[in-house]
Amino acid sequence: MTSEQTVADDRPVILLVEDEALTIMDLGDVLEEGGYDTIQCASAERALSILQTRPDICGLVTDVQLSGKTDGFDLASSVAEARPQLPILIVSGRAAPDPDRMPQHAEFIARPCSGEDILQRLRHLMHC
């Protein structure tokens with residue numbers, strides 16, 4: 001995991017937004033073992049700040065329920081507006097996919113699912 005420092009290799013960088021510590025650590029490990037570097041944070045507000053300073057981020061994986069005032073659907077919409085080509089994967093075990101709140105090219109995956117399920121869906125979305 002990187003905590004916002006510059007990544008030294010050429011692995012694609014994924015912004016992982018999740019406020020449950022064990023979940024973010026486990027998923028981060030799966031993504032990193034799958035060939036990605038991750039930048040991890042717990043709130044949409046922090047994620048937006050990171051995206052402004054990290055043009056190397058080439059994918060977003062977010063939970064719906066997050067710390068802070070903004071949820072994952074609103075984060076995904078803001079990201080899709082700012083960086084329309086960025087692949088976005090929204091994950092939740094408590095919310096259903098809301099077509100009115102899903103950005104056009106974002107995908108939703110429901111929990112329970114494995115980290116491998118999320119990794120496979122992300123690989124399908126990635127273009128970098």
Original post:
What number of residues in the range 66-109 are part of a loop (DSSP other than H, G, I, E, B), under 13 Å from the mean Cα position of the chain (by Cα) and among the hydroxyl-bearing types (S, T, Y)?
Top reply: 0
Subject >> Options A96, A110, A82, A106; residue that is surrounded by fewer than 17 Cβ atoms within 10 Å (Cβ to Cβ), within 21 Å of L48 (Cα to Cα) and among the small types (G, A, S) >> reply: A82
Original post:
Any chance the range 34-45 includes a residue that's over 14 Å from the mean Cα position of the chain (by Cα), closer than 14 Å to I14 by Cα and surrounded by 15 or more Cβ atoms within 10 Å (Cβ to Cβ)?
Top reply: yes
**OP:** Only residues in the range 87-104 that are free of Cβ contacts under 8 Å to residues at least 40 places away in the same chain count as the first member; pair them with residues that are of a type in the set (G, A, S) and in a loop (DSSP other than H, G, I, E, B), Cβ under 9 angstrom, at least 6 apart or cross-chain, and list the lot.
**Re:** I88/A106; L89/A106; I90/A106
Subject >> Residue among T53, T70, T62 that alone is closer than 20 Å to D98 by Cα, surrounded by fewer than 22 Cβ atoms within 10 Å (Cβ to Cβ) and of a type outside the set (A, V, I, L, M, F, W, C) >> reply: T70
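Values in this text are rule-based calculations from the coordinates and carry no lab data. Just so we're clear, the structure is a prediction, and the values are computed from it rather than from any experiment. All Cβ positions, glycine included, derive from the backbone under ideal geometry; neighbour counts span all protein chains shown.
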